[in-house]
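Trainee: Okay, handing you the structure first.
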Amino acid sequence: MRERVPVPVVQQGRGARRALGVRVLWGGAEVAVTLGLVLLLLVAHQLWWTNRQARAAAERTVEALEEEWGEEWGKWGNSDLEVPSSPSLPSSPYPRSSPSTPPSSPSSSSSSSGGVTGAPDGPAPRWNQAYAILRIPRIGVRVPVAEGISKGGVLNQGYAGHYPRTAQPGEAGNFALAGHRNTHGEPFRYINRLRRGDELRVETRSAVYTYVVDKRLARTSARDGGVIRSVPRSEVREGYGYRAQGYYITLTTCTPEYTSKYRLVVWGTLRSMRPR
């Protein structure tokens, strides 16, 4: 009697499902790695490349302003004409001009330029125009100051932006500025390190204004418009700010780092003015 040999049974369904599962997992892993690389490139672009571009562009603008001002004063000095004097630059270190009306909120990025006051040493700057240089020796900052706080035209260029309708350098009232804390040059990244007595120097075509840090507000609402009024005083944090008219400077930036939820504020007062 012939012995029966068992026939092996191949379970095709289970093996196929296992192979399909492996392919799906492998494909998912490839997608995850690709997305990770893309995100890494985006982060590198934001944190490194935008800083590099903005800092280089801001430095070129500073150099162009210094060269322009130097050439103008050189022409005046080599001519037989008397160097013109501005009635808004008196011998006193404190110019006598009226404070201007500020916008309602430091978080605004509107592109309207209505109501911009003229600087003490010239006509009103054009929208997005770099017209001054801010130096903060303690933290190594040297950046252009441009009119307005639009992202594309000012802040993302690595500039400090002048809040429209706040005072200009040296004017009575509040010369209020905004700047990025992270990315795009991040000129205000370390203003939290400023202490009472640190100098904030603002250079214009005809004068150098030296302000001195006086007060600091570590965190307030992004809509706390009081911090940039002519007499700066927080509308959110009681007891922070001033009560009397004066010659103020305000620096504002986002906080905590890499967020825009709150605002960090540094205030200073004008100590001296030196004609160029």
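Computed from the coordinates by the stated procedures, all read-outs in this text should not be read as laboratory data. Since we're looking at a predicted model, the values are computed, not measured. Note that we place each Cβ from the backbone using ideal geometry, even for glycine, and neighbour counts take in every protein chain shown.
Trainee: How much net charge surrounds W267 when only other residues with a Cβ under 11 Å from its Cβ are counted (Lys, Arg +1; Asp, Glu -1)?
Mentor: Value of the local net charge: +3.
Trainee: Here's another thing I want to ask about it. For L177, what residues show an amide H to amide H distance below 5 Å, using hydrogens built from the backbone and excluding near sequence neighbours?
Mentor: Y163, T250, L251, T252
Trainee: Here's a follow-up. Can you bin the range 191-250 into rounded, prolate or oblate? Criterion: square roots of the alpha carbon gyration tensor eigenvalues sorted a ≥ b ≥ c, rounded for a/c under 1.5, prolate for a/b above b/c, oblate for the rest.
Mentor: Prolate, since a/c reaches 1.5 and a/b exceeds b/c.
Trainee: Let me ask another. Between the DSSP loop rule and a limit of at most 15 other Cβ atoms within 10 Å, which trypsin sites (Lys or Arg not before Pro) in the range 152-214 are left?
Mentor: For trypsin sites (Lys or Arg not before Pro) across the range 152-214 that sit outside H, G, I, E and B with at most 15 neighbouring Cβ atoms in 10 Å, the list reads R195, R196.
Trainee: Calculate how large, on average over all directions, the projected area of the Cα convex hull of the range 132-223 is; give the answer in nm² to one decimal.
Mentor: 6.1
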